[in-house]
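Trainee: If you scroll down you'll find the structure; I have some questions about it.
Since every read-out is calculated from the coordinates, none of them should be taken as a lab result. Note that the structure is a prediction, hence the values are computed from the model and not measured. Cβ atoms come from the backbone with ideal geometry, glycine included; neighbour counts cover every protein chain shown.
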Amino acid sequence: MTIAEIVKCLDARVLCGEENLGQRVTSACCSDLMSDALAFIHENAMLLTGITNAHVVRTAGILDLKCVAFVRGKVPPPDVIGMAREAGLVTMTVNKTMFTCAGLLYEGGLRGAPMCWPSRDEAAG
Amino acid sequence: MVRAEYEIASGAYDCAGEVSSDIKRQLKQLGIDAGTLRRVAVSSYEMEMNIIIHSLGGVINLTVDNEWITLFSKDRGPGIPDVELAMREGFSTAGEDARNMGFGAGMGLPNMKRNADTFNIFSQMEEGTRITITFRVI
């Protein structure tokens, strides 16, 4: 799915990174634990989370994530949105629970990363 | 050959991730491939967070030569009482403050080990923990 399609699917409000809405996302991860995200997220992924601090943007940068959706109607503080904007990360807020968001995206064709850790070849992209 | 040393303070949540971002930037400038870059960045981020969350402060050393990228961390204690337990996925002693910020999933050490080509840990109570992880340059 493109990020623009994800925005439409979730009826989300884009907070920053509008210029990158055409990028494609191939998998998603739902987590409020950044260490879990670091362990399980694959290439070209998006993160759905209820955490709104700067660590989410830093984690996204480490993982080269395409976009982050803040669920349960959460909106990060302006400095965090500023960091994301500077990094070219698309962020959005969704007034739905994480479960509902995941369901809508799955229905839309997006899949999660496999539970097992990626093989070294996959991790190498 | 590249060498860099980063001092990391205990509890420095505000600047957590800055060291890893710098390491990633440096490696990118050296032309390291995207997959290796990602594995090193994830591991250094976990290393950095472990020092911030669990230790009394420490350092991370980055060394790059033609064949290997090496990350070495050394902290000033208190040390890990049971390393085998700490290596178990999901086991964490992180406090409420770390968890509120999205850390403490108990994936730090296993995540480092999984991403690196070699992983070595040595910990002694009262003295501290030393971790060496290496990545083969493709």
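Trainee: Partner chain Cβ atoms within 10 Å, averaged over the residues of B:104-115 - can you pull that number for me?
Mentor: 4
Trainee: I'd like the GluC sites (Glu not before Pro) in the stretch B:4-76 restricted to DSSP loop residues with at most 16 other Cβ atoms within 10 Å, sorted by number.
Mentor: Those satisfying the criteria are B:Glu67.
Trainee: Given a cut-off of 21 Å, what percent of all Cα-Cα pairs of chain A lie beyond it?
Mentor: Cα-Cα pairs in chain A separated by more than 21 Å: 30 percent.
Trainee: How many angstrom lie between the C-alpha centres of the stretch A:35-101 and the stretch B:52-103?
Mentor: Rounded to whole Å, the Cα centres lie 24 Å apart.
Trainee: Dipole size in debye (nearest 20) for the stretch A:57-97 around its Cα centre, Lys and Arg Cβ +1, Asp and Glu Cβ -1?
Mentor: Magnitude of the dipole: close to 220 debye.
Trainee: Could I ask something else about it? At 7 Å along Cα-to-Cβ for each site, give me the label-to-label distance between B:Ala9 and B:Thr93 in nm.
Mentor: 2.4
Trainee: Another one. Where does chain B land on the Kirkwood hydrodynamic radius, alpha-carbon pairs, in angstrom?
Mentor: Computed over chain B, the radius equals 14.9 Å.
Trainee: Cross-link list B:Lys24/B:Lys74; B:Lys24/B:Lys113; A:Lys8/B:Lys113; B:Lys28/B:Lys113: which exceed 29 angstrom alpha carbon to alpha carbon?
Mentor: Cα-Cα > 29 Å for A:Lys8/B:Lys113; rest within.
Trainee: Whose amide H sits under 5 Å from the amide H of A:Cys30, counting only residues 5 or more places off or on another chain, with H placed in the peptide plane?
Mentor: Correct list: A:Leu48.
Trainee: When the Karplus curve 6.51 cos²θ - 1.76 cosθ + 1.60 is applied with θ = phi - 60°, which whole-Hz ³J(HN,Hα) does each residue of the stretch B:37-42 get, with x for Gly and Pro?
Mentor: Running phi through 6.51 cos²θ - 1.76 cosθ + 1.60 with θ = phi - 60° gives 4, 5, 5, 5, 5, 4 Hz.
Trainee: Here's something else I'd like to know. Quick one: compute the contact order of chain A, relative version, from alpha carbon pairs under 8 angstrom and 6+ residues apart, as a percent.
Mentor: 31
Trainee: Considering only DSSP beta bridges with both partners in chain A, what is the antiparallel share in %, to the nearest 5?
Mentor: Here the share of antiparallel DSSP bridges comes out near 20 percent.
Trainee: Here's something else I'd like to know. Which of the helices in chain A, when you take each full DSSP H run, stretch at least 24 Å along the axis at their Cα atoms and have an average Kyte-Doolittle score of 0.0 or higher?
Mentor: Helix filter hits for chain A: none.
Trainee: I would also like to ask the following. Counting Lys +1, Arg +1, Asp -1, Glu -1, what net charge surrounds B:Gly17 among other residues with beta carbon under 13 Å of its beta carbon?
Mentor: Taking every Cβ under 13 Å from that of B:Gly17, the sum is -2.
Trainee: For chain A, which longest stretch is free of loop sites, where a loop site is one of the trypsin sites (Lys or Arg not before Pro) that DSSP puts outside H, G, I, E and B and that has at most 16 other Cβ atoms within 10 Å?
Mentor: Formally, the longest exposed-site-free interval is A:1-71.
Trainee: Sticking with this one: Under unit Cβ charges (Lys, Arg +1; Asp, Glu -1), what dipole magnitude, rounded to 20 debye, does chain A have relative to its Cα centre?
Mentor: 260
Trainee: Only bridges whose two residues both fall in the protein assembly as shown count here: according to DSSP, what percent of them are antiparallel, nearest 5?
Mentor: DSSP beta bridges in the protein assembly as shown are roughly 70 percent antiparallel.
Trainee: Of A:Thr100, A:Ser31, A:Leu21, whose Cα points farthest to the positive end of the dipole of the stretch A:5-117 (charges on the beta-carbon: +1 Lys, Arg; -1 Asp, Glu; origin at the Cα centre)?
Mentor: Sorting the options by dipole projection puts first A:Thr100.
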